[in-house]
Structures are given as C-alpha cells and as structure tokens.
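Quick notes on the structure that follows.
The values are calculated or read from the model by the stated rules, or taken from the named source; none is laboratory data. Quick caveat: nothing in here was measured; it's all calculated off a predicted structure. Glycine gets a Cβ as well: all are built from the backbone with ideal geometry, and neighbour counts include every protein chain shown. Remember, those area values only see protein heavy atoms, side chains included, never the ligands or the DNA or RNA. Shrake-Rupley method; radii C 1.70, N 1.55, O 1.52, S 1.80 Å.
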Amino acid sequence: MPLGAIGRIANGRSARETVEALARSTCLLQQRAYGDGANEVVTVGAYRSDGAVLWVDRGYWRIAPVPIDYGYLTLRWDVQRAAQRELFFEIWSGGSAGARGYLAIGITGESAAMTLHAAPGASQMFAQRLGGEDVLLTGRKLPERRWGFDSNCCLPGGREWLWHWTPAGYTLIGERQVRDSYYALNALLGAIDSGHAETASDVATRSAIAAAVAFFGPGRLWTYKPSPNASAQQQAELMRWSLLPGAEPIAAAAVRYEVARYEPAGQSAVITFERVGDGWLATDVRAGTLP
C-alpha cells in the first residue's frame with residue numbers, strides 16, 4: 001500500500017476530495033469517506049492483504065496501514081472509549097460471502113493501535129454492541145456434516161463470538177454454534193439424504209429420526225414451510241447465551257416445519273422442534289400440513 005503517495009494526495013484536501021482524487025487512480029483501490037471536519041475518516045484498499053486508514057489529528061491527516069484480508073473496509077461505528085477514539089470496521093468480501101471479519105482501531109492523537117482483528121474464517125458476519133464494552137459477532141462457520149439445504153442462500157448461520165473491550169484491546173470471552181430449530185431441521189434432512197440418519201442424534205430424538213426415515217423416501221431436494229414463530233425463535237436463540245449481558249429474550253416455544261420431498265414430489269409431514277437443554281431437537285414427525 002503506497003502510504004506516502006496516499007498521504008500526499010490527502011494533503012490539503014477533505015475526506016471527500018481525497019476520495020475523488022484517489023478514484024482517478026488505476027490501482028483498482030476502493031476508497032470511502034466518512035464524517036466531517038475533525039471527525040473525517042478515509043479508508044483505502046480492496047482485495048489485497050493490507051489497506052490504509054486516514055484520520056484527522058489537530059487539522060492534519062494521519063495515516064496507518066491495516067489488514068483488510070483481501071476484502072474492503074466499511075465503518076460500522078466511531079465512538080469514544082476512555083481516552084481512545086475507536087473506529088470499528090467491517091471487512092466486506094464484496095460478494096455473496098458478505099462480511100468476513102472485523103477490525104477495530106484505537107486512536108489517540110497521531111497514534112493508532114489495532115485493538116481487534118477478528119477474521120475467524122466465517123461468512124455472512126454481523127456485529128452489534130451490547131452495552132458499553134461488549135461486542136457480539138455472528139456469522140456462518142459450520143461443522144462438517146451433510147445438510148439438507150446446502151446452497152449458499154440456505155445454509156444455517158448462528159456462529160457467535162463475544163468480545164469484551166479493555167484499554168489494552170479486545171478479549172475473546174467465548175465462542176459457540178447456536179443450534180436453533182432451522183439448524184436442527186437442516187441437519188436432520190441432510191442426515192437422511194446421506195443414508196446415515198443416526199448422525200442426526202444431536203438434533204433429533206431417536207423416535208423422530210425413525211419416523212422421518214419411515215416417512216420420507218429417497219430423493220434429491222426438499223421443500224419446507226415454517227410456522228409463524230420460527231423467525232422470532234431463531235433470533236431469540238442468538239441471545240440465549242449465559243455469557244451475554246442483559247435481559248432474557250422471549251420464552252422458548254415449539255417450532256414446526258412442513259416438509260416434503262420436491263424431487264421427486266412427495267407427501268408433506270409436519271416436524272416439531274422443541275428446545276431441550278441448550279439446543280433444539282426434532283421431537284415429532286407426522287403426516288400433515290401447516291395452516
């Protein structure tokens with residue numbers, strides 16, 4: 001990353017003027033401007049290992065190299081943490097993988113220090129602040145197993161990372177894979193497709209596995225329809241983690257899916273999922289449809 005050249009281009013220009021000047025480059029850089037006056041920020045770089053961040057200190061531009069993991073940066077928030085100004089960035093893939101990581105920089109005057117670089121090999125990531133010092137990252141980083149709906153649009157997410165801010169940088173408090181009702185459904189149908197339905201024992205009771213195997217014949221594709229409360233329960237499950245601060249989400253309630261073979265077309269069954277322990281299990285399979 002040519003920091004010196006970028007700094008000379010920014011000299012005497014505002015953030016937006018700097019972005020306009022950099023846009024004339026043939027280096028295939030991506031540049032973005034944020035803020036106004038003393039709060040201006042510029043990010044530069046795309047699809048390479050490193051990029052650059054510029055900020056204003058006492059009327060002068062300062063610049064620092066930052067890892068961008070072959071993506072590009074989007075500013076999520078700009079907040080004050082103790083004596084530091086925090087710039088928190090999303091590392092966007094530029095494609096269907098969505099966000100793939102996060103970067104936080106603590107700025108004090110002309111100095112910048114990286115306080116978080118989370119690139120866990122996940123996709124479809126999202127960040128949210130919980131209270132003043134906790135940040136919850138979610139995304140898709142699934143275990144190796146057969147899935148009933150294995151296209152990019154339909155795989156489950158639910159991987160979570162909880163980070164806690166300290167003056168020395170962020171600390172990872174915990175990581176887990178949420179096993180909500182859709183995760184359990186997808187894993188159950190994938191186990192049936194694999195010919196090894198017993199591998200769904202972590203997402204279905206023994207009786208439900210036997211009933212599903214007996215009901216659904218062989219095939220290639222599935223269709224499904226969720227009960228109206230499925231989405232709310234999936235979102236609530238992300239917050240049912242003992243490490244998270246704040247109030248408990250909505251109470252757990254049974255979720256149902258109407259499932260049928262699409263190719264070849266088959267009869268529909270309603271599969272009931274209930275929350276047992278810290279995850280969801282298929283507990284009942286019977287012929288029928290949802291209203």
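Would you mind calculating the gained length between A287 and Q235 on full extension (0.36 nm times residue separation, minus the Cα-Cα distance), in nm to one decimal? Before the final figure, lay out each step's value.
On the way: separation 52, 0.36 × 52 = 18.72 nm, distance 2.78 nm.
Stretched fully, the A287-Q235 segment lengthens by 15.9 nm.
Consider a paramagnetic label point 7 Å from the Cα of A119 along Cα→Cβ; state which residues of region 58-81 have an amide N under 18 Å from it.
Residues 64-76 fall inside that zone.
Which order do the peptides 216-224, 167-175 take when ranked by the mean count of other beta-carbon atoms within 10 Å per residue, highest first?
Details: 216-224: 14.8, 167-175: 13.1.
Most protected by this proxy first, the peptides run 216-224, 167-175.
Normalized C-alpha radius of gyration of region 52-110, against 2.2 N^0.38 Å?
On the way: Rg = 12.5 Å, N = 59, 2.2 N^0.38 = 10.4 Å.
Compactness ratio reported: 1.21.
Can you pull out the trypsin sites (Lys or Arg not before Pro) in region 77-183 that DSSP calls coil and that have at most 16 other Cβ atoms within 10 Å? Could you put the intermediate results ahead of the total?
Values: sites: R81, R85, R100, R129, R140, K141, R145, R146, R159, R176, R179; in loops: K141, R145, R146, R179.
Taking region 77-183 and a limit of 16 other Cβ atoms within 10 Å, the loop trypsin sites (Lys or Arg not before Pro) found are R145.
What spacing in nm lies between the two simple spin-label points modelled at R13 and R176, each 7 Å away from Cα in the Cβ direction?
For the pair R13/R176, the computed spacing is 4.8 nm.
Under the rule of -39500 (n - 2.57) per DSSP H run of 4 or more residues, summed and divided by the residues of the chain, what mean residue ellipticity at 222 nm is obtained, to the nearest 500 deg cm²/dmol? Don't jump to the answer; show the numbers that get you there.
Details: 5 runs with 50 residues, N = 291.
Helices in the chain give a 222 nm mean residue ellipticity of -5000 deg cm²/dmol.
For region 1-62, which trypsin sites (Lys or Arg not before Pro) pass both filters: DSSP loop (anything but H, G, I, E, B) and at most 13 other C-beta atoms within 10 Å? Before the final figure, lay out the partial values.
Details: sites: R8, R13, R16, R24, R32, R48, R58, R62; in loops: R13, R24, R48, R58.
Here the sparse-neighbourhood loop sites are R24, R58.
If you take the alpha carbon radius of gyration of region 140-184 and divide it by 2.2 N^0.38 Å, what ratio comes out, to two decimals? Can you show the working numbers first?
Working: Rg = 14.2 Å, N = 45, 2.2 N^0.38 = 9.3 Å.
In units of the globular-protein estimate, region 140-184 measures up at 1.52.
Before anything else, pin down the relative contact order of region 201-291: Cα pairs under 8 Å, at least 6 apart, normalised by residue count, whole percent.
Dividing the mean separation by the residue count of region 201-291 yields 35 percent.
Apply the Karplus curve 6.51 cos²θ - 1.76 cosθ + 1.60, θ = phi - 60°, to the phi angles in region 37-54 and return the couplings in whole Hz, x for Gly and Pro.
x, 5, 9, 5, 9, 10, 10, 9, x, 7, 6, 8, 6, 10, x, 9, 10, 10
What are the ³J(HN,Hα) values, in whole Hz, obtained from phi via the Karplus relation 6.51 cos²θ - 1.76 cosθ + 1.60 with θ = phi - 60°, for each residue of region 154-164 in sequence order, with x given for Gly and Pro?
Running phi through 6.51 cos²θ - 1.76 cosθ + 1.60 with θ = phi - 60° gives 10, 5, x, x, x, 6, 10, 10, 9, 10, 10 Hz.
Can you give me the long-range amide H partners of G158? Hydrogens built in the peptide plane at 1.01 Å from N, cutoff under 5 Å, separation of 5 or more residues or another chain.
Close amide H contacts, sequence-distant or interchain: G139.
State log₁₀ I(q)/I(0) for region 180-284 at q = 0.15, 0.21, 0.24 Å⁻¹ as given by the Debye formula over alpha-carbon point scatterers of equal weight, solvent excluded.
So the normalised log intensities are -0.60, -1.05, -1.30.
Please list log₁₀ I(q)/I(0) at q = 0.12, 0.13, 0.21 Å⁻¹ for region 13-164, using the Debye equation with identical point scatterers on the alpha-carbon positions.
-0.55, -0.63, -1.34
Can you give me the P(r) profile for region 105-171? Cα pairs, bins 5 angstrom wide beginning at 0, each as a whole percent.
4, 14, 21, 19, 15, 10, 8, 6, 3, 1, 0
Each label point is 7 Å from the Cα along the Cα-to-Cβ direction; what then is the distance between the points at R24 and T223, in nm?
Placing both labels 7 Å beyond Cα along the Cβ direction yields 5.8 nm.
Stretched out fully, how many nm does the piece from S151 to V213 gain, at 0.36 nm a residue minus the Cα gap? Walk me through the numbers on the way to the answer.
Details: separation 62, 0.36 × 62 = 22.32 nm, distance 2.27 nm.
This chain segment gains 20.1 nm when fully extended.
Per residue, what accessible area does region 105-188 have, given a 1.4 Å probe and all protein chains present, in Å²?
42
In the chain, carbon and sulfur make up what percent of the accessible area (probe 1.4 Å)?
Working: 7280 of 13880 Å².
Its accessible area is 52 percent carbon and sulfur atoms.
Can you give the percent of C-alpha pairs in region 78-202 whose distance is more than 19 Å? Can you show the working numbers first?
Values: 4238 of 7750 pairs.
Tail of P(r) above 19 Å: 55 percent of Cα pairs.
Which order, highest average first, do 268-276, 185-193, 33-41 follow once you tally other Cβ atoms within 10 Å for each residue and take the mean per peptide? Numbers along the way, then the final one.
Working: 268-276: 19.1, 185-193: 24.2, 33-41: 14.7.
The most tightly packed comes first, giving 185-193, 268-276, 33-41.
Size of the chain along its principal axes in angstrom, Cα-based, largest extent first?
Principal-axis extents of the Cα atoms in the chain, largest first: 73, 42, 31 Å.
With Rg and the Kirkwood Rh both taken from Cα atoms, where does Rg over Rh land for region 24-83?
Radius of gyration relative to Kirkwood radius: 0.99.
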